[in-house]
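Have a look at the structure below, then the notes.
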Amino acid sequence: MTEDLTESPSREFVDADLTGARFTRVDLSRAVLRAVDVQDAEIDAPWLMEQGGVLLVNGVNVAPLVDAELDRRFPGRSLRRAGDPAGLREAWAALESTWAATLARVQAMPAGTVEVSVAGEWSFAQTLRHLVMATDVWLGRGIRGIEQPYHPIGQPNAEYALDGLDPSVFSTEQPSYDEVLAVRAGHVALVRDFIATVTPELLQEERRNPWDPAHPETVLACLHVILGEEWEHHRYAVRDLDQIEASAT
């Protein structure tokens, strides 16, 4: 059952059984859970890692602990907030190396793996397509100011049409995985080439936020979004690949 909580943000649940409930794209900020049973509960909140993120569990802010553990699990992730050209080049090289290893892993898995959706999440191919879109948004539109930067193969986020944006810029045809790989490789190269020539002065230049043009962002902030998108979606992809492999045994 789906409930619209927009008109009652302070609703209380007392002695309620929410076992097995699934919350997707739900705002639970400042929610208070007292005397709750959260055994085997799973939370995925990528925005928690943004500066100042707080998640209290039994009075302990676990956000920094989660961030540190993800850095340990994914070598190179800690470089995503690099603030100078050399650091950004190192960060992107680490990211490319990580994705190359994951692409090789997928290549060795059974045919059709790239199109498998786990629990309604994007397939591996769709994840790569979304990263194409993310590059177009933050490099093409955000940094370079291209009004319509989108490659038709891109995969928009679920809120894209709900936010009143035009989804017709994206193709409704299902591309082949080889097509996805080719476009994705080209977009990875676009970021690599841009970072290769970026200067400290350019990093501090202001741009319009592609989602909120009235809100300024620096070029560096746009690159940080790209790096964050890459690492978060890599984490999702690996999570689902692990589950696909586990279900096959």
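The values are calculated or read from the model by the stated rules, or taken from the named source; none is laboratory data. Please read these numbers as outputs of a predicted model, since none were measured by experiment. Note that each Cβ is placed from the backbone with ideal geometry, even for glycine, and that neighbours are counted across all protein chains shown. Note: accessible area is taken over every heavy atom of the protein model, side chains too, but ligands, DNA and RNA are not part of it. Shrake-Rupley method; radii C 1.70, N 1.55, O 1.52, S 1.80 Å.
Taking each residue of region 78-89 that is touching a residue at least 40 places away in the same chain (Cβ under 8 Å) and looking for partners that are assigned to a loop (DSSP other than H, G, I, E, B) and open to solvent by 50 Å² or more (accessible area, probe 1.4 Å) with beta-carbon atoms closer than 8 Å, six or more apart or interchain, yields P85/T199. If the condition is being closer than 10 Å to W138 by Cα and either open to solvent by less than 20 Å² (accessible area, probe 1.4 Å) or at pLDDT 95 or above (or both), then region 210-228 contributes P210, V219, A221, C222, L223, H224, V225, I226. When the residues of region 124-167 are filtered to those that are among the polar types (S, T, N, Q) and under 23 Å from L103 (Cα atoms), which remaining residue is modelled with the lowest pLDDT? Filtering first and then ranking leaves N157. Among the residues making up region 80-118, a single one is part of a loop (DSSP other than H, G, I, E, B), within 17 Å of the chain's Cα centre (by Cα) and over 25 Å from H151 (Cα atoms): V118.
Here is a yes/no grid of residues against (1) farther than 20 Å from L70 by Cα; (2) open to solvent by 20 Å² or more (accessible area, probe 1.4 Å):
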site: E96; (1), (2): no, yes
site: A111; (1), (2): yes, yes
site: L128; (1), (2): yes, no
site: T135; (1), (2): yes, no
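Can you find a residue that is of a type in the set (V, I, T) and in a helix (DSSP H, G or I) anywhere in region 194-212? Taking every residue of region 194-212 in turn, at least one turns out to be of a type in the set (V, I, T) and in a helix (DSSP H, G or I). Has region 57-75 got any residue that is in contact (Cβ under 8 Å) with a residue 12 or more places away in the chain, in a loop (DSSP other than H, G, I, E, B), open to solvent by less than 70 Å² (accessible area, probe 1.4 Å) and not β-branched (V, I, T)? Within region 57-75, one or more residues are in contact (Cβ under 8 Å) with a residue 12 or more places away in the chain, in a loop (DSSP other than H, G, I, E, B), open to solvent by less than 70 Å² (accessible area, probe 1.4 Å) and not β-branched (V, I, T). None of E245, E205 is without any contact (Cβ under 8 Å) to a residue 40 or more places away in the chain and out of contact with any Asp or Glu (no Cβ under 8 Å at 6 or more places or on another chain) except E205. Restricting region 229-248 to residues that are aliphatic (A, V, I, L, M) and not in a loop (DSSP other than H, G, I, E, B), the residue that is modelled with the lowest pLDDT is A246.
Yes or no, residue by residue, for (1) aromatic (F, W, Y); (2) under 22 Å from A45 (Cα atoms):
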| site | (1), (2) |
| --- | --- |
| V57 | no, yes |
| A86 | no, no |
| A94 | no, no |
| A100 | no, no |
| A104 | no, no |
| Y150 | yes, no |
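Can we say Q51 is loosely packed, with under 10 Cβ neighbours inside 10 Å, under 25 Å from the mean Cα position of the chain (by Cα) and among the polar types (S, T, N, Q)? Yes; evaluated as a whole, the condition is true for this residue.
Could you please give the count of residues in region 125-177 that are hydrophobic (A, V, I, L, M, F, W, C) and not in a loop (DSSP other than H, G, I, E, B)? Here the count works out to 11. From the list E232, E201, E173, E245, the one residue that fits, being of a type in the set (D, E) and open to solvent by less than 60 Å² (accessible area, probe 1.4 Å), is E232.
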